[in-house]
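The values are calculated or read from the model by the stated rules, or taken from the named source; none is laboratory data. Quantities reported herein were computed from a predicted structural model and do not represent experimental measurements. When we count neighbours, we look across all protein chains shown, and the Cβ atoms used for this are built from the backbone with ideal geometry, even at glycine. SASA here: full protein model, heavy atoms, side chains in, ligands and nucleic acids out. Shrake-Rupley method; radii C 1.70, N 1.55, O 1.52, S 1.80 Å.
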Amino acid sequence: MSEKKIVIIGGGQASCQVATSLRQKKFTGDISILSSESYLPYQRPPLSKKYLSGELAAERLYLKPEKFYEEQNINIFLDSYVEEIDRKNSQLVFLKDKNHINFDYDNLVIATGTEPRLMPTDNSDMEGVHYLRSISDVEKIKSSLKDSKNMVIIGGGYIGLEVAAVSKTLGLNVTVIEMASRILERVTSPTISSFYNSFHESKGVNILTSTSVKGINGDKKVSSVETSSGTIDADIVIVGIGVLPCQSLAEDSGIAVDNGIIVNEFCKTSDDNIFSAGDCTLHPSAFYNKNIRLESVHNAIEQGKTVASSIIGEKIAYNQIPWFWSDQYDHKLQIVGLSGKHNQVIKRGNLEDKKFMLFYMLDDELIAVDAVNNSKEFLICRKLVANKVTIKPEMISDTETNLNDLIA
């Protein structure tokens, strides 16, 4: 085991977690991280919030300082783009300083994350049109913001709304365009969507739902966005219409994929020597009895731990309950579980107080909870959902009920 050579592809949360957990588990073999970016592995959630607003420096995004990798004898190769995985010879080829380098491995970990879904329109790559997925992306956005007055955001999901909050605070005129009938449609209920729609509009953000983008206008630089509701002036456009798993490297090498790199409960791919973790994986959920792909920090961290355990021979199956969060202005939305198949929604607290929770029930079983500005009770709800508790609706809606008492 101590002679094993582990190579990890990716520069995000899952990649860093695999390496960190291996050392915590006393693995003494060789560990190398190959990242196509110029930065040490970093956290991405602040990119659309505090990093965009200028409250955080790039170094504060780093998951670990450079000294950590040196002390833990973890090799970091930045600006290194992996071009090919040669499974037959347990080797990969990556590009570094315009040189092609062959690299051997005993176990390979693919933690490549996701990439933005691109706009299917002409001129979507002109000056002033941006996607937001990396530090470099945000640096370009910051540069564009200096000379911009009117921002159009295409997509009313987490990224779009978080950028809208920051940009409005910075003084821009902001319009959000959403093709669906409501914002946040993919991730939450109409009640939450309505609450956030009203809140953003109260701050002066213009939100257009059931609106499609017909084109992006401009010569060399964007000047407006053509929509089904008319033309909107724009000095800067942010596209946030979802992401796709970075699976081509695995797929080209013959590893099984299906809207994500397919892994088993131990995060092993269809190749016994190759594992995968993070947003790029499609993994089995014993809790939901189906395969799911999650885009969350929690999933990346826990799958990273699972991969490390699997590499050293520990059989610890991954079976986490998904949870997510989003910060918009001074409001925090936290979600645990996956709603959608619920047949009843119970409200706890008042929307007018801007502090409330929605409990999603399938018959009498709690399957998911959304919390707005209620982090304390949300921690309890994570346990309630994990335990699949059966609760009477009147107990949930009564704010005098201590949720701790409902934990079996």
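Does the stretch 296-309 contain any residue that is part of a strand (DSSP E or B) and open to solvent by less than 40 Å² (accessible area, probe 1.4 Å)? Spell out the reasoning first.
Looking only at the stretch 296-309, we keep the residues that are part of a strand (DSSP E or B), and these are none.
Scanning the stretch 296-309 turns up no residue that is part of a strand (DSSP E or B) and open to solvent by less than 40 Å² (accessible area, probe 1.4 Å).
Name the one entry in VAL129, VAL166, VAL187, VAL138 that is open to solvent by less than 10 Å² (accessible area, probe 1.4 Å) and not basic (Lys, Arg). Lay out the reasoning, then the answer.
Working: VAL129 fails: open to solvent by less than 10 Å² (accessible area, probe 1.4 Å); VAL166 fails: open to solvent by less than 10 Å² (accessible area, probe 1.4 Å); VAL187 fails: open to solvent by less than 10 Å² (accessible area, probe 1.4 Å).
Criteria check complete, one pass: VAL138.
What pairs come out if I take residues in the stretch 79-107 that are at negative phi and pair them with residues that are of a type in the set (Gly, Ala, Ser) whose C-beta lies under 6 Å away, six or more apart or interchain?
TYR81/SER36; ILE85/SER253; ARG87/SER253; PHE94/SER80; LYS96/SER80; TYR105/SER90
Within the set of pairs 6+ apart or on separate chains, which have a first residue in the stretch 1-30 that is at pLDDT below 95, a second that is part of a helix (DSSP H, G or I) and surrounded by 24 or more Cβ atoms within 10 Å (Cβ to Cβ), and C-beta atoms under 9 Å apart?
MET1/ILE311; LYS4/ILE311
Please go through the stretch 225-273 and give me each residue that is open to solvent by less than 30 Å² (accessible area, probe 1.4 Å) and on the phi > 0 side of the Ramachandran plot, ordered by number.
GLY230, GLY260, CYS267 - these are the residues of the stretch 225-273 that are open to solvent by less than 30 Å² (accessible area, probe 1.4 Å) and on the phi > 0 side of the Ramachandran plot.
Would a scan of the stretch 354-364 turn up a residue that is touching a Gly at 6+ places or on another chain (Cβ under 8 Å), of a type outside the set (Lys, Arg), more than 22 Å from HIS283 (Cβ to Cβ) and not in a strand (DSSP E or B)?
No, the stretch 354-364 has no match at all.
Which one is nearest to the chain's Cα centre (by Cα), of the residues in the stretch 317-355 that are open to solvent by 70 Å² or more (accessible area, probe 1.4 Å) and among the acidic types (Asp, Glu)?
So the residue we want is ASP330.
Residues to consider are GLU70, GLU3, GLU55, GLU37; find the one that is open to solvent by 30 Å² or more (accessible area, probe 1.4 Å), on the phi < 0 side of the Ramachandran plot and outside any loop (DSSP other than H, G, I, E, B).
Details: GLU3 fails: outside any loop (DSSP other than H, G, I, E, B); GLU55 fails: outside any loop (DSSP other than H, G, I, E, B); GLU37 fails: outside any loop (DSSP other than H, G, I, E, B).
Residue meeting the stated conditions: GLU70.
Residues that are among the polar types (S, T, N, Q) and under 15 Å from ALA14 (Cα atoms): does the stretch 263-272 have at least one? Don't jump to the end; show me each part of the working.
Taking the stretch 263-272 and keeping what is among the polar types (S, T, N, Q), we get 264, 269-270.
Adding the requirement that they be under 15 Å from ALA14 (Cα atoms) leaves none.
There is no residue in the stretch 263-272 that is among the polar types (S, T, N, Q) and under 15 Å from ALA14 (Cα atoms).
Can you go through ASN264, ASN259 and tell me which one is out of contact with any Lys or Arg (no Cβ under 9 Å at 6 or more places or on another chain), closer than 30 Å to VAL93 by Cβ and part of a loop (DSSP other than H, G, I, E, B)? Give the steps one after another, and end with the answer.
Numbers: ASN259 fails: out of contact with any Lys or Arg (no Cβ under 9 Å at 6 or more places or on another chain).
Going through ASN264, ASN259 in turn, the sole match is ASN264.
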